[in-house]
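One structure is given below, encoded as structure tokens.
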Amino acid sequence: MSNTGTHILFLPRWYPHTYDPMFGLFIRKHALTAAEKYRVSVAYVHFTTSESRTEISGDILLEVRSYIKRSGNPLLNFFRWMTAYHRAYTEICKRRGKPALTHVHILTRLGVLALFMRVMRGIPYVITEHWSRYQPGGFYHGALRKFLTRLAVRFSRGVTVPTAQLEKAMRAHGLNHSNYLVLANTVEKKRFYPEARPTREVKQLIHISCFEEVSKNMSGILKAIALLKQQRSDFHLYMVGEGMDWQQTVDLCRELNCDDVVTFTGLKQGEELASLLRGSDLMLMFSHYENLPVVISEALCCGVPVVSSDVGGIREVLKPRYGSLVPEGDVAAFVQAINSRLDEAQAPREEIAAYGAAIWYEDAVLQQLDHFYQSALRS
């Protein structure tokens, strides 16, 4: 890890914090990848109902997490938000000096903040967008929001996205830039790799998500499992994670009489999560809308094939040999695809993993990120 390289300041909209250690974890992994060659600091602000406080940690990354108490007054909230970022920036500069480049993760408000820092402090910035809101039927609304987003993109030194499909969706909204880059999110080499194991009679299926029904469609997965259970008994599904719709998903599982073939593991992190994924035979994703879920990248790096709905940029990476795509919301097609994958003698795990490693492992991502940063710093 670098303590002497160029100083990069991350401004993420999503980032792991006290109340949700999984929130934006892929952005933190991105920061850790950048820290292989750069000095990386992170300023993150999170609204809470408890008293305001600041947490500072400074091992590989210098992370300043500011928790600010939410008020019923929007203007007061904005003032507290700006004050928290100013204090975080001051603390970071005191410890590591002025950043050479700001890296915004997720628009719009942090893009505007980075633009303000460019004007007032002369710090150029780049943007990485992850949000699927630009897709048709998404949540990208409001004249002021659209104006400010176009402004933030226009004056940045470049924009990265995890899929070409997201770039296309953003350009369709007038978010044009001469320096777009499709840049993969990082997958940890030390944890996500293929694991040799004997063929078994009962195949292990896995679904990992934040249990948010509107996008992740856990109910669709369970309806498919209920139909699959009528046809065969050689599988067991592990549903991993927690979130706002976890309990209603558990209740639906009981209603569908699928308790004997579905296990809800709750939140799994780190090696515990990776071990569960490495030991799986097939990943299931049936989202209504997505960009490119990091869990699909992690599954492929483990040599685990994927059955998914054909949404967002998933088709850009999921080759037919490594998984199956079905129309969004088509439960019958989803069941058929799962059946076909379960009937396979053996998935080409080593081949799938090698394909994933070349795209998502840290060294591959860092090479692209380094080129992107250097280009932005030279502009």
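The values are calculated or read from the model by the stated rules, or taken from the named source; none is laboratory data. Everything quoted here is computed from the prediction, not taken from an experiment. Neighbour counts run over all protein chains shown; Cβ positions are idealised from the backbone, glycine included.
Per-residue answers, yes or no, for (1) over 24 Å from Trp131 (Cα atoms); (2) modelled with pLDDT of 95 or more:
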{"position": "Leu228", "(1), (2)": "yes, yes"}
{"position": "Phe235", "(1), (2)": "yes, yes"}
{"position": "Met244", "(1), (2)": "no, no"}
{"position": "Asp251", "(1), (2)": "yes, yes"}
{"position": "Leu277", "(1), (2)": "yes, yes"}
{"position": "Met285", "(1), (2)": "no, yes"}
{"position": "Ser297", "(1), (2)": "no, yes"}
{"position": "Ala345", "(1), (2)": "yes, no"}
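Where strands (runs of 3 or more DSSP E) fall entirely within segment 5-60, those with at least 1 residues that are polar (S, T, N, Q) and touching a Leu at 6+ places or on another chain (Cβ under 6 Å) are at 39-48. The requirement of being over 23 Å from Asp343 (Cβ atoms) and surrounded by 13 or more Cβ atoms within 10 Å (Cβ to Cβ) is satisfied by Cys210.
For segment 256-265, filtered to residues that are surrounded by 10 or more Cβ atoms within 10 Å (Cβ to Cβ) and not hydrophobic (A, V, I, L, M, F, W, C), the residue that is nearest to His236 (Cα to Cα) is Thr263. In segment 227-245, the count of residues that are part of a helix (DSSP H, G or I) and charged (D, E, K, R) is one or more. Set side by side, the residues Thr108, Thr90 differ, and just one is at negative phi and surrounded by 22 or more Cβ atoms within 10 Å (Cβ to Cβ), which is Thr108. Here Gly266 meets each of (1) of a type in the set (Gly, Ala, Ser); (2) touching a strand residue (DSSP E or B) at 6+ places or on another chain (Cβ under 9 Å); (3) not assigned by TED's automatic domain parsing to the domain that holds Gly303 with one exception, condition (3). Scanning segment 153-166 for residues that are modelled with pLDDT of 95 or more, out of contact with any Lys or Arg (no Cβ under 9 Å at 6 or more places or on another chain) and either more than 24 Å from Val365 (Cβ to Cβ) or surrounded by 22 or more Cβ atoms within 10 Å (Cβ to Cβ) (or both) yields Val153, Arg154, Val159, Thr160, Val161. For segment 282-294, the set of residues classified as of a type in the set (A, V, I, L, M, F, W, C) and either in a strand (DSSP E or B) or within 15 Å of Glu316 (Cα to Cα) (or both) consists of Leu282, Met283, Leu284, Met285, Leu292, Val294, listed by residue number.
Flag not set for Tyr193, criterion: farther than 28 Å from Pro21 by Cα and modelled with pLDDT of 95 or more.
Scanning segment 300-313 for residues that are at pLDDT 95 or above, surrounded by 17 or more Cβ atoms within 10 Å (Cβ to Cβ) and farther than 16 Å from Phe235 by Cβ yields Leu300, Cys301, Cys302, Gly303, Ser308, Ser309. Those helices (runs of 4 or more DSSP H) of segment 302-379 in which at least 2 residues are among the polar types (S, T, N, Q) and within 22 Å of Leu205 (Cβ to Cβ), considering only elements entirely within it, cover 331-343. Got at least one residue in segment 62-71 being more than 21 Å from Tyr19 (Cα to Cα) and of a type outside the set (Asp, Glu)? Checking segment 62-71: not a single residue is more than 21 Å from Tyr19 (Cα to Cα) and of a type outside the set (Asp, Glu). Scanning segment 341-351 for residues that are surrounded by 14 or more Cβ atoms within 10 Å (Cβ to Cβ) and over 18 Å from Pro198 (Cβ atoms) gives a single hit, Arg341. Just give me the residues in segment 352-379 being loosely packed, with under 14 Cβ neighbours inside 10 Å and acidic (Asp, Glu), in sequence order. The answer is Asp363, and nothing else. Are any of the residues in segment 259-277 in a loop (DSSP other than H, G, I, E, B) and over 30 Å from Arg191 (Cα atoms)? The answer is no, given that none of the residues of segment 259-277 is in a loop (DSSP other than H, G, I, E, B) and over 30 Å from Arg191 (Cα atoms).
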